[in-house]
Amino acid sequence: MNQDVQSEFLVEALKLSLMRFPTFNVKIKKGFFWFYLDRNKKQPIVKMENNYVLRSINLRQNRGFLFTLSYFENRINLEIFHSLSDGAGGMEFFKSITYNYLNLLNSGLINDGTVKALEELDDDVLIKEEISDSFVFNYKNDVDKYDSEKTAFRIDEKIYTSNWSDLIQAEMSSTELKKIAKQYDATITEYLGGIIHLAIYNLYYKKCKSTKPVKLFIPVNARKFFNSRSIRNFVLYVRTEADYSEDKIDLETCINYVKQTFKKELTKERLEQRIKSNVHLEKKIALRIVPLFLKNITVKIGYLFLGTNINTMLFSNLGVIKMPEGSSEFIHRFDFCLGSCTRTPISCAGVSYNDVFVLSFISKMKDNSLVSYIFKTIGKEGISIKVNTNIKGEV
Amino acid sequence: MRKCPECITEVTDDTHKCPVCKSKISGEITNRFVTYPTIYKVDRIRLYRFLFLLFSIISTIVVVIADFQVKSRNITIPHVFFILLLNVFIFNSLNFKKDISSRILLFDIFLMLYFLSLDYFVLIDRTEFLSLLYIAPIVLFASLSFMIFFSLIDNTFAFSSVLHILILIASGVLYYLITFSKSFEYLRIPSIVCFSLSVFCFLTMIIVHRKIVFEELKKRFHI
């Protein structure tokens, strides 16, 4: 924001947004067969930001809510548990909070349809669609399952043993970035994906001569492909794969890896296969009647062996954020971050608002040479970047 | 704007290290819009864990010495057992994501284990277990009253409490079935009164909140 945040208005704004987004006003409960979400009758809270970003949510301290809203000076942060929604759904909720907050401060903003309004609650059809599970709705039994995936190349670096993650953000002009990406006949996502592939190749892959492919996990907003208006989690993904078999590996080659994968994978048919892979187990009655504690054990073992082994790194581009006209007077920029874990120790996410593109890295690695390489590559293309971080020097 | 002398990155916040190459940077901060709060570590749980471990060890040693001093060695094992259980209970309560009823349930279990061990090690006549005949029904009734009281002052009806009470009642029924199958001699009037009151309270609670109970059961057992 361009001004310091006033917490008392922020709480009120959050309450208003929770009325509009009932799927966020929930707590998680344990059933006999499944976990389930139930309405949370408690009042939400906002708290001061801690620079330990993206830690697990303490449900007791957070009154059972599966998201945390915090602030520090002029910044508002929203961290969301993935079972509530994906990046796009979460951003809609966050936009609503920001809009309500600004309105409570008498900013005089008029909602031009870019933010989900409270009045829409009267539209039963819309609300029904928003709270529906689009995965189940778009599940087709007659499509093939997605092919099983091979283990991916893993970045082997020393990582922080505590729950600390480095957050490094670079601010740049989205127009400039778009212009450079166009020179390679690529979108911003394809261009940045290419840079990440090149950085992994030059810094890690070349040295250890692994036979495993580098796989970049890129979430895809499935709403566009299936005409869904759901606010709940409806994200699919593609994995761009590079085996670096070419003689000359440069940025163009790497961008081509991403472009080829996008061309092949971003079709409704392929995404339907992904949906089937995600949902088919849930549909089996024999598995549904297995008690929750057994499901938990199985899922944990499965995640341990398969979960993150098939990704080298995570990268997501949320796209352009639209807010009501005049918002830029109050809002400087939007940021978007993805969590990382010990097996996939670094993730990258980008978002653009009002010609400011912010690329954020969340890293558990002690060495930031990958981030440095990416920034230098972007810098070499003539894009000026400004960097900020949560590292204060003590870590 | 501050620039890193090594990698020429423009750094906008108040960090002392370049986020990219980690070399030292200095200079005046011009843009305060992207600063982060100063680090503070929140790792209280480790501290609690350490303190309780320390407390357990010290209290156990003190109890053992005290028992030996007053020459009541028979009681040492239940005492040590109780202190350890109490520590586990307190630690579990601090670590909790649990509600009041689950804590009461846990406390009941620990309390009964203590009295059982007391019976076993101290009583000479082991045919009459005081803990089971008198204390268990009283604990059951007291716990149930507590849970109902807390749900009343909280003005919410927590379904999880119902489950916990159900566990208590079921264990009570089981005990009575076992005792009844042996002999009527083991049944005592105070325990029968307490147990009957517990069952009555439980059923009343279910009947009063039957709508919520059925809805909750539907959700919990949804396949």
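The values are calculated or read from the model by the stated rules, or taken from the named source; none is laboratory data. Everything numeric here is computed off the predicted structure, so don't read it as measured data. Cβ sites come from the backbone with ideal geometry, for glycine too, and all protein chains shown count toward neighbours.
Of everything in the stretch A:1-41 that's of a type outside the set (Phe, Trp, Tyr) and in a strand (DSSP E or B), which residue is surrounded by the fewest Cβ atoms within 10 Å (Cβ to Cβ)?
The qualifying residue surrounded by the fewest Cβ atoms within 10 Å (Cβ to Cβ) is A:ARG39.
Kindly list the number of the only condition in (1) more than 21 Å from A:VAL235 (Cβ to Cβ); (2) of a type outside the set (Asp, Glu); (3) within 14 Å of another protein chain (Cβ to nearest Cβ); (4) crowded, with 21+ Cβ neighbours inside 10 Å that fails for A:GLY64.
The one condition A:GLY64 does not meet is (4).
Can we say A:SER327 is surrounded by fewer than 22 Cβ atoms within 10 Å (Cβ to Cβ) and either within 19 Å of A:ARG75 (Cα to Cα) or free of Cβ contacts under 8 Å to residues at least 40 places away in the same chain (or both)?
The answer is yes for A:SER327.
Do you know which residues across the stretch A:43-61 are facing chain B (nearest Cβ under 10 Å), surrounded by fewer than 14 Cβ atoms within 10 Å (Cβ to Cβ) and either in contact with a Cys (Cβ under 8 Å, 6 or more places away or on another chain) or over 19 Å from A:TRP164 (Cα atoms) (or both)?
A:ARG60, A:GLN61, listed by residue number.
Quick one: what pairs do we get from the stretch A:43-55, first residue among the hydroxyl-bearing types (Ser, Thr, Tyr), second surrounded by fewer than 15 Cβ atoms within 10 Å (Cβ to Cβ), C-beta under 9 Å, 6+ apart or different chains?
Taking only residues 6 or more apart or on different chains, the pairs are A:TYR52/A:SER162; A:TYR52/A:ASN163; A:TYR52/B:TYR40; A:TYR52/B:LYS41; A:TYR52/B:VAL42.
Within the stretch A:266-372, considering only helices (runs of 4 or more DSSP H) that don't extend past its boundaries, which have at least 3 residues that are hydrophobic (A, V, I, L, M, F, W, C) and more than 14 Å from chain B (Cβ to nearest Cβ)?
Here the list reads A:268-283, A:292-302.
Does any residue of the stretch A:256-270 turn out to be closer than 25 Å to A:ASP142 by Cβ, in contact (Cβ under 8 Å) with a residue 24 or more places away in the chain and loosely packed, with under 14 Cβ neighbours inside 10 Å?
The answer is yes, given that some residue of the stretch A:256-270 is closer than 25 Å to A:ASP142 by Cβ, in contact (Cβ under 8 Å) with a residue 24 or more places away in the chain and loosely packed, with under 14 Cβ neighbours inside 10 Å.
Mind checking whether some residue in the stretch A:85-106 is surrounded by fewer than 19 Cβ atoms within 10 Å (Cβ to Cβ), touching an Asp or Glu at 6+ places or on another chain (Cβ under 8 Å) and within 19 Å of A:VAL5 (Cβ to Cβ)?
Checking the stretch A:85-106: at least one residue is surrounded by fewer than 19 Cβ atoms within 10 Å (Cβ to Cβ), touching an Asp or Glu at 6+ places or on another chain (Cβ under 8 Å) and within 19 Å of A:VAL5 (Cβ to Cβ).
Out of all the residues in the stretch A:198-242, which are at pLDDT below 90 and among the hydrophobic types (A, V, I, L, M, F, W, C)?
Residues satisfying the conditions are A:CYS208, A:ALA242.
Which of the residues belonging to the stretch A:137-168 are of a type in the set (A, V, I, L, M) and more than 14 Å from chain B (Cβ to nearest Cβ)?
Scanning the stretch A:137-168 gives A:VAL143, A:ALA152, A:ILE155, A:ILE159.
Taking the stated definitions as given, is A:LEU126 surrounded by fewer than 21 Cβ atoms within 10 Å (Cβ to Cβ), modelled with pLDDT under 90 and within 14 Å of another protein chain (Cβ to nearest Cβ)?
No; evaluated as a whole, the condition is false for this residue.
Scan the stretch A:68-88 residue by residue and report those that are small (Gly, Ala, Ser) and away from chain B (no Cβ under 14 Å).
A:SER83, A:SER85, A:GLY87, A:ALA88
In the stretch A:373-391, how many are part of a loop (DSSP other than H, G, I, E, B) and either out of contact with any Asp or Glu (no Cβ under 9 Å at 6 or more places or on another chain) or more than 8 Å from chain B (Cβ to nearest Cβ) (or both)?
3
From A:TYR184, A:TYR191, A:TYR204, grab the single residue that is out of contact with any strand residue (DSSP E or B) (no Cβ under 8 Å at 6 or more places or on another chain), surrounded by fewer than 20 Cβ atoms within 10 Å (Cβ to Cβ), over 17 Å from A:ASP243 (Cα atoms) and away from chain B (no Cβ under 14 Å).
A:TYR184
If you take the residues in the stretch A:297-317 that are modelled with pLDDT of 90 or more and among the polar types (S, T, N, Q), which one is farthest from the chain's Cα centre (by Cα)?
Taking the candidates together, the pick is A:THR312.
Would you confirm whether or not the stretch A:105-127 contains a residue that is under 28 Å from A:GLU8 (Cα atoms), part of a loop (DSSP other than H, G, I, E, B) and charged (D, E, K, R)?
Yes, that holds for at least one residue.
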